Amino acid sequence: MQIIAQILFLIALVAGIGFFVRNIRRLIRNINLGKEIDRSDNSGERFGKMAKIALGQSKMVKRPISGFLHVIVYVGFIIINIEVLEIIIDGLFGTHRILSFMGGFYSFLIGFFEILALLVFVGVVVFWIRRNLINIYRFLGNELKGWPKNDANYILYFEMVLMILFLVMNATDYQLQLNGAPHYSSEAGIMGSFPVSQFLLPIFDGMSNATLIIIERTAWWLHILGILFFLNYLYYSKHLHILLAFPNVYYSKLQPQGEFNNLQSVTDEVKLMMDPDADPFAAPAEEEEEGEPEKFGASDVFDLNRVQLLNSYTCTECGRCTSECPANRTGKKLSPRKIMMDTRDRLEEVGEIINKKGKYEDNGKQLLGDFILEEELWACTTCNACVEACPVGIDPLSIIVEMRRYLMMEQSSAPNELAISMTNIENNGAPWPYNQQDRLNWAKEN
Amino acid sequence: MAEALKVPTMAEYMAQGKKPEVLFWVGCAGSFDDRAKKITKAFVKLLHNAKVDFAVLGTEESCTGDPAKRAGNEFLFQMQAVTNIEVLNGYEIKKIVTACPHCFNTIKNEYPGLGGNYEVLHHTQFLKSLLAEGRLKVEGGKFKGKRITFHDPCYLGRGNGEYEAPRDLLRKLEVELLEMRNCKEKGMCCGAGGAQMFKEPEPGNKDVNIERTEQAMEVKPEVIAAGCPFCNTMMTDGVKGKNKEDSVEVMDVAELIANAQDL
Ligand code: SF4
Ligand code: SF4
């Protein structure tokens, strides 16, 4: 019996981790569909930023209530998972509380985990209330309807159940130890301390050891299977951020937020145009080597860079960006969160095609138009509020600008007045129809 | 004012074989927009007052390309940038001051990659340094004790992390400095950036400048201080939209300082 349990456990573990590895490989493959971008510079500064924002959650606590609760759930969840280490060893070798040789420290740890579990439970309940009962602007957006909203709630239920299972497992285990049940009790006395689950003991009052063992084993199994399930649920969920927040912050832009990148392909062309001595055949020859001439801007996920695609997988759909967005706050269609969710949805769609057919085959769709509308793109004031607000270092603005570049330079499609001001800049060196020769007239007026 | 302002150009300096301490980049709004021209003049008066040896490019100046870049027209932006850089480098410019955060951001951050390397300052930063050097005196004067709130321009604040220079200057004016709910890192855009100034807004339920003006009104200011000609226009329109133009003024920080001293 015992050995069967051990084998079943091993199978579950291998399957759970194997499936997880497969998903991560797909994720990396999809991100690599984007353009290369060199962010290998300043590793020291990048590590510092990662430590502060991803690990230290410095941007989360800017909103004190949700920030504080999130820190609890995050710390609790990570630390409680240390307990999983023991569960895995016990599961594989049929032992009971293998780490209890640590004695007093072990009791301290288990006690600490229990308190954290309680705090996580409370935090998650408050999250659920905020999300479902209180009208909070950033949880009301259109893009959250359907799956994203369910996803968020599923995870909350899931965490509640996991915490309950953990406490039930401990309570029954404690009772079995008190009863002196074989395998559970030890001559060294009680293993672990149970500051929270001890209050659950009355529930199990008068149960036989056999019943207690069934409850304990069930809770134990559901707990570990639940964690393996969670690991694999991540890929389909906004909860990827618990892994990706770290690389995402690491690779985020270090330059001032106001600085937009200069397109090298444009620089090459401008140089050629401005330089009378340039060999007009030099640059095109270079381009021919790479096949078709480079496309300006982005109309699909392939035109975005890998950091932007990583951004889309990392997005927690928290809506901090959208709730600070001046366009969104005044009723425009633009929502930076939606930009990120659309990018991920499109990337996943492309990924699915590759899963099925081995390579991407045009399905008649693209990011621009089928997911993100021009109307959204033109509403952006490039104010960087979304970038500043994002707790995991995402830059929705860079995607908006990349898509505007495509609209402007490949499609010559811009709102009419904007197109006129572009012509003005081209002809008179100012966005208004004034003559450049009048530029100093202000000094003479009055 | 009877006499015209003395505004030397780089061409004149060059002809005399001189080099100014700093180039004043006026920008399109500062050159052509009626409201912004007043800011330009106020700033020039302060420069004279502090005996700063400055010059402008005048007719050799052209749009930095900021609206083109934010609108996605990278091509036009780089054409503008390369042309401007040629002029600036031709005059061997080292230091630039501008009263427009958009020009400031573009020249400071996006020109270096195209061959234009200069020390670039926003006018509030430059005025602050003049103050520190004792060249400029800023005193309370007529704004002492007035309720003033500062609206952070996106491309000065979030864009480049400068929140304090304009506030330091206002404090020197001994005003009652009030902060809006959304200020500094969380400051809300006036609605002009990203080339929005040059197009109609997308359909929505409100204009951005109205929303921002309402936020400013919450602190009951007598003056909304700005540091950008576009914010200035947007907030001025917002105040008019709220029929508050008689009780609330929108003024650039440079204008406040110049006015306080009756320059
Ligand atoms: S940069 Fe654009 S998308 Fe981001 S908050 Fe500002 S207006 Fe919204
Ligand atoms: S982009 Fe950042 S702020 Fe916006 S929803 Fe995603 S995680 Fe939240």
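Tell me the helices (runs of 4 or more DSSP H) entirely within region B:1-110 that contain at least 1 residues that are surrounded by fewer than 20 Cβ atoms within 10 Å (Cβ to Cβ) and in contact (Cβ under 8 Å) with a residue 24 or more places away in the chain.
Of the helices (runs of 4 or more DSSP H) lying wholly inside region B:1-110, those with at least 1 residues that are surrounded by fewer than 20 Cβ atoms within 10 Å (Cβ to Cβ) and in contact (Cβ under 8 Å) with a residue 24 or more places away in the chain span B:10-15, B:34-49, B:74-90.
Of the residues B:GLY193, B:GLY227, which is closer than 17 Å to A:CYS383 by Cβ, within 9 Å of another protein chain (Cβ to nearest Cβ) and in contact (Cβ under 8 Å) with a residue 60 or more places away in the chain?
None of the other options fit; the residue is B:GLY193.
Do the conditions hold for A:ILE425, that is, is it more than 8 Å from every other protein chain (Cβ to nearest Cβ) and in a helix (DSSP H, G or I)?
Values: more than 8 Å from every other protein chain (Cβ to nearest Cβ): no; in a helix (DSSP H, G or I): yes.
So A:ILE425 fails the test.
Looking only at region A:311-331, which residues are near ligand 1 (Cβ under 9 Å from one of its atoms) and of a type in the set (S, T, N, Q)?
Answer for region A:311-331, where residues must be near ligand 1 (Cβ under 9 Å from one of its atoms) and of a type in the set (S, T, N, Q): A:THR322, A:ASN328.
Mind listing just one residue for me: the one in region A:332-341 that is surrounded by fewer than 24 Cβ atoms within 10 Å (Cβ to Cβ) and more than 12 Å from ligand 2 (Cβ to nearest atom) and, of those, farthest from B:GLN196 (Cα to Cα)?
The qualifying residue farthest from B:GLN196 (Cα to Cα) is A:LYS333.
So which of A:LEU407, A:LEU368, A:LEU418 is more than 10 Å from chain B (Cβ to nearest Cβ), within 28 Å of B:ASP207 (Cα to Cα), more than 16 Å from ligand 2 (Cβ to nearest atom) and assigned to a helix (DSSP H, G or I)?
A:LEU368
Restricting to region A:300-331, and then to whatever is among the hydrophobic types (A, V, I, L, M, F, W, C) and within 13 Å of chain B (Cβ to nearest Cβ), can you tell me which residue is farthest from ligand 2 (Cβ to nearest atom)?
My answer is A:ALA327.
From the set of residues in region A:377-394 that are near ligand 1 (Cβ under 9 Å from one of its atoms) and not in a helix (DSSP H, G or I), which is nearest to A:LYS333 (Cα to Cα)?
The selected residue is A:ALA379.
So A:GLY192 ticks every box in (1) part of a helix (DSSP H, G or I); (2) in contact (Cβ under 8 Å) with a residue 40 or more places away in the chain; (3) of a type in the set (Gly, Ala, Ser) but one. Which box is left unticked?
Of the numbered conditions (1) part of a helix (DSSP H, G or I); (2) in contact (Cβ under 8 Å) with a residue 40 or more places away in the chain; (3) of a type in the set (Gly, Ala, Ser), the odd one out for A:GLY192 is (1).
Scan B:GLY58, B:GLY27, B:GLY17 and give me the residue that is more than 21 Å from A:ALA443 (Cα to Cα) and outside the structural domain of B:MET197 (by TED's automatic domain parsing). Let's see the steps before the verdict.
On the way: B:GLY58 fails: more than 21 Å from A:ALA443 (Cα to Cα); B:GLY27 fails: more than 21 Å from A:ALA443 (Cα to Cα).
Result: B:GLY17 is the single residue among B:GLY58, B:GLY27, B:GLY17 that is more than 21 Å from A:ALA443 (Cα to Cα) and outside the structural domain of B:MET197 (by TED's automatic domain parsing).
What residue, of B:GLY187, B:GLY204, B:GLY191, B:GLY157, is in contact with a Pro (Cβ under 7 Å, 6 or more places away or on another chain) and either among the polar types (S, T, N, Q) or not assigned by TED's automatic domain parsing to the domain that holds B:THR64 (or both)?
None of the other options fit; the residue is B:GLY191.
Output the number of the condition that A:MET408 fails; it satisfies all remaining conditions of (1) among the hydrophobic types (A, V, I, L, M, F, W, C); (2) under 27 Å from the mean Cα position of the chain (by Cα); (3) crowded, with 23+ Cβ neighbours inside 10 Å.
(2)
I'm trying to understand the selection: among the residues of region B:154-174, which are without any contact (Cβ under 8 Å) to a residue 40 or more places away in the chain and farther than 19 Å from A:LYS62 by Cα?
Here is the first cut: in region B:154-174, the residues without any contact (Cβ under 8 Å) to a residue 40 or more places away in the chain are B:157-158, B:161, B:163-164, B:167, B:171, B:174.
The answer is B:GLU164, B:ARG167, B:ARG171, B:GLU174.
What's the number of the only condition in (1) facing chain B (nearest Cβ under 7 Å); (2) within 22 Å of B:PHE230 (Cα to Cα); (3) loosely packed, with under 15 Cβ neighbours inside 10 Å that A:ASP438 fails to meet?
Just one mismatch for A:ASP438, condition (1).
Taking helices (runs of 4 or more DSSP H) that fall entirely within region B:121-235, which contain at least 2 residues that are within 16 Å of ligand 1 (Cβ to nearest atom)? Lay out the reasoning, then the answer.
On the way: elements: B:123-132, B:164-172, B:208-217.
Those helices (runs of 4 or more DSSP H) span B:208-217.
Tell me, please, whether a residue that is among the aliphatic types (A, V, I, L, M), more than 14 Å from chain B (Cβ to nearest Cβ), surrounded by fewer than 24 Cβ atoms within 10 Å (Cβ to Cβ) and within 16 Å of ligand 2 (Cβ to nearest atom) can be found in region A:378-393.
yes
Do we find that A:VAL73 is β-branched (Val, Ile, Thr), assigned by TED's automatic domain parsing to the domain that holds A:PHE230 and surrounded by fewer than 17 Cβ atoms within 10 Å (Cβ to Cβ) in this structure?
When the stated conditions are applied, A:VAL73 does not pass them.
Does A:SER398 satisfy the criteria of being surrounded by fewer than 17 Cβ atoms within 10 Å (Cβ to Cβ), within 37 Å of the chain's Cα centre (by Cα) and more than 7 Å from every other protein chain (Cβ to nearest Cβ)?
Spelling it out, it is not the case that A:SER398 is surrounded by fewer than 17 Cβ atoms within 10 Å (Cβ to Cβ), within 37 Å of the chain's Cα centre (by Cα) and more than 7 Å from every other protein chain (Cβ to nearest Cβ).
Which residues, counting only those in region A:332-347, are within 9 Å of ligand 1 (Cβ to nearest atom) and more than 13 Å from every other protein chain (Cβ to nearest Cβ)?
Step one: filter region A:332-347 for residues within 9 Å of ligand 1 (Cβ to nearest atom), giving A:332, A:334-336, A:339.
Residue satisfying the conditions is A:ILE339 alone.
Quick check on my filter: what residues within region A:331-363 are within 25 Å of the chain's Cα centre (by Cα) and polar (S, T, N, Q)?
A:SER335, A:THR343, A:ASN355
Could you count how many residues in region A:333-365 are in a loop (DSSP other than H, G, I, E, B) and of a type outside the set (A, V, I, L, M, F, W, C)?
10
Among the residues of region B:172-187, write down those that are within 14 Å of chain A (Cβ to nearest Cβ), within 19 Å of the chain's Cα centre (by Cα) and closer than 15 Å to B:GLY227 by Cβ.
B:CYS183, B:LYS184, B:GLY187
The values are calculated or read from the model by the stated rules, or taken from the named source; none is laboratory data. Remember, predicted model here, so these are calculated numbers, not experimental data. Reconstructed Cβ throughout: ideal geometry from the backbone, glycine too, with neighbour counts over all protein chains shown.
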